[in-house]
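Throughout, read-outs are computed from the coordinates displayed, never taken from laboratory work. Just so we're clear, the structure is a prediction, and the values are computed from it rather than from any experiment. Because the Cβ atoms are built from the backbone with ideal geometry, glycine has one as well, and the counts that use them run over all protein chains shown.
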């Protein structure tokens, strides 16, 4: 019998996010997951979920662009109707970006992009999605292991924020 739980996973088409979606699928948890630009990779995750007997829906989202969050919430609401549920149970904030610029060369535009994805986007997307989360729902914020150390002259700004 399929679990009635539903997760939203940002950045679910690659890396840790993809593995998160597929691990949830193995436990019968359905997923809405986001991808930024690579629809083909997102479609692969949807297919792998279906092969495992669980439903996953891919939704496009740039987690660094807060102006698109209201529209995204509308797409989430449409997906909830499709899945015949009113709310979701888990939010996994996983989407990320990085910069290999050195401390000496990173630009303000690059730093703003990192900040928008890793902090501002997480905060405001969570805020927008909270009304759609079941009481007792859970939020997980993921960071890479790179947050624990620095690499020479590299700023590794994706891990500082």
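For this structure, a couple of remarks:
- Members of the range 89-119 that are under 16 Å from residue 143 (Cα atoms) and exposed (fewer than 13 other Cβ atoms within 10 Å of the Cβ): 119
- The set of residues in the range 23-41 being in contact with a strand residue (DSSP E or B) (Cβ under 9 Å, 6 or more places away or on another chain) and either surrounded by 14 or more Cβ atoms within 10 Å (Cβ to Cβ) or under 15 Å from residue 133 (Cα atoms) (or both) consists of 24, 25, 29, 30, 31, 32, 33, 34, 35, 36, 41.
- Considering only residues in the range 87-112 that are farther than 21 Å from residue 124 by Cα and in contact (Cβ under 8 Å) with a residue 24 or more places away in the chain, the one that is nearest to the chain's Cα centre (by Cα) turns out to be 99.
- Pick from the range 46-70, criterion over 24 Å from residue 121 (Cβ atoms) and not in a loop (DSSP other than H, G, I, E, B), ranking: farthest from the chain's Cα centre (by Cα): 51
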